[in-house]
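First comes the structure, then the notes that go with it.
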Amino acid sequence: MEVVTTLVDMIAARDRAIRPLGLVPTMGYLHDGHLSLVKRARLENRTLVVSIFVNPAQFGPNEDLDSYPRDIDRDLRLLKKHDVDLVFACDVSEMYPPGYQTYVDLELLTGKLDGRYRPSHFQGVATIVTKLFTIIRPDKSYFGQKDGQQAVIIKRLNRDLNLGAEIVVSPTVREADGLAMSSRNVYLTKAERKAAPIIYKALCIGRSIWEQGIRDAKFLEREMASVIAGEPLAKLEYVSIVDINTLEELENVDRLAMVCVAVKFGKARLIDNIVLGEEYLE
Ligand code: AMP
């Protein structure tokens, strides 16, 4: 496994890579959710690149950029075990050198859902993914359904800017009690960790009501919100049922929909989602 830390070396490596080349972009501190993407990408590509970059552009001024968990040595050990060919891990100053001023945004998708609570977050995501795709030129790139809005934005961005990658979205990997795996779960205290599966529980209750034939989105949202309200450590930011492509809020769940939720537990802000109508995406 080669570890590349400069843009020049990454571009040279990409030019000599045997194709198809698969890319798994991450912010590191890897868990089984990340590794599910790595495993899938390994099977589907001749060359497998994993990027590790804690992207400052996607953190707001009062967010957790400085405290975001990092353990590059452990990450490299895990990636080596998973037969990764190339790890791209560069410094912030390499990615955003002095004078940097170009950002990518989407007219509608970046302002919805999480975008209402994290105003420049998805601009940061769209910018780094555009840069990674330009530098690495993947044939296929792998993202988790866990970050559902991010997946929708990246598919749109890839199409709109003709970036030419195939975007693969892979199911959310969960702990045994249903909590979606996330690098941010380390922020949870013992009591918060015990309470956090309420998020997935609420989503499952929403799904089971939907399965009974109820299509009133606001009713479903209220039911899920009340489940989360029953957990004193949970502070609900939103639960919202949206069209899976446009992320428009639905009144009536009459098409493929995503139920998105964001909840704060102390220092940790956790997101999760399920898809109504297409089981495998969950
Ligand atoms: P991050 O390091 O949090 O930026 O995540 C890197 C990639 O891993 C993103 O495409 C995430 O959606 C994906 N990912 C994170 N957590 C999970 C999970 N629990 N299951 C599946 N994919 C995940």
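The values are calculated or read from the model by the stated rules, or taken from the named source; none is laboratory data. This is a predicted model, so every value here is computed, not measured. All Cβ positions, glycine included, derive from the backbone under ideal geometry; neighbour counts span all protein chains shown. Only protein heavy atoms, including side chains, enter the accessible area calculation; ligands, DNA and RNA are left aside. Shrake-Rupley method; radii C 1.70, N 1.55, O 1.52, S 1.80 Å.
Miscellaneous remarks
- From the options LEU48, LEU30, residue that is at pLDDT 95 or above, in contact with a Leu (Cβ under 6 Å, 6 or more places away or on another chain) and open to solvent by less than 10 Å² (accessible area, probe 1.4 Å): LEU30
- Pairs linking a residue in segment 246-272 that is assigned to a strand (DSSP E or B) to a residue that is at pLDDT below 95 and crowded, with 19+ Cβ neighbours inside 10 Å, with Cβ atoms under 9 Å and 6 or more positions apart or on different chains, are MET258/LEU281.
- Just one of the listed residues (VAL3, VAL84) is β-branched (Val, Ile, Thr), outside any helix (DSSP H, G or I) and surrounded by 19 or more Cβ atoms within 10 Å (Cβ to Cβ), and it is VAL84.
- Lone qualifier among LYS140, LYS112, LYS155, LYS146 - being at pLDDT 95 or above and either under 14 Å from PRO56 (Cα atoms) or more than 15 Å from the ligand (Cβ to nearest atom) (or both): LYS112
- Some residue of segment 240-260 being small (Gly, Ala, Ser) and surrounded by fewer than 17 Cβ atoms within 10 Å (Cβ to Cβ): no
- Sole exception among (1) within 10 Å of the ligand (Cβ to nearest atom); (2) over 25 Å from VAL242 (Cα atoms); (3) not hydrophobic (A, V, I, L, M, F, W, C) for SER93, by number: (1)
- Which listed residue is open to solvent by 20 Å² or more (accessible area, probe 1.4 Å) and in a helix (DSSP H, G or I), from LEU65, LEU76, LEU37: LEU76
- Close pairs (6 angstrom Cβ cut-off, 6 or more residues apart or separate chains): farther than 13 Å from VAL50 by Cβ in segment 8-30, part of a strand (DSSP E or B) anywhere: ALA17/THR47; ILE18/THR47
- Counting only helices (runs of 4 or more DSSP H) that sit completely within segment 133-237, those holding 1 or more residues that are open to solvent by 30 Å² or more (accessible area, probe 1.4 Å) and among the acidic types (Asp, Glu) correspond to 148-160, 198-211, 217-229.
- The set of residues from segment 13-27 being assigned to a loop (DSSP other than H, G, I, E, B), more than 10 Å from the ligand (Cβ to nearest atom) and open to solvent by 30 Å² or more (accessible area, probe 1.4 Å) comprises ILE18, ARG19, PRO20.
- Any chance ARG116 is touching a residue at least 12 places away in the same chain (Cβ under 8 Å) and of a type in the set (Lys, Arg): yes
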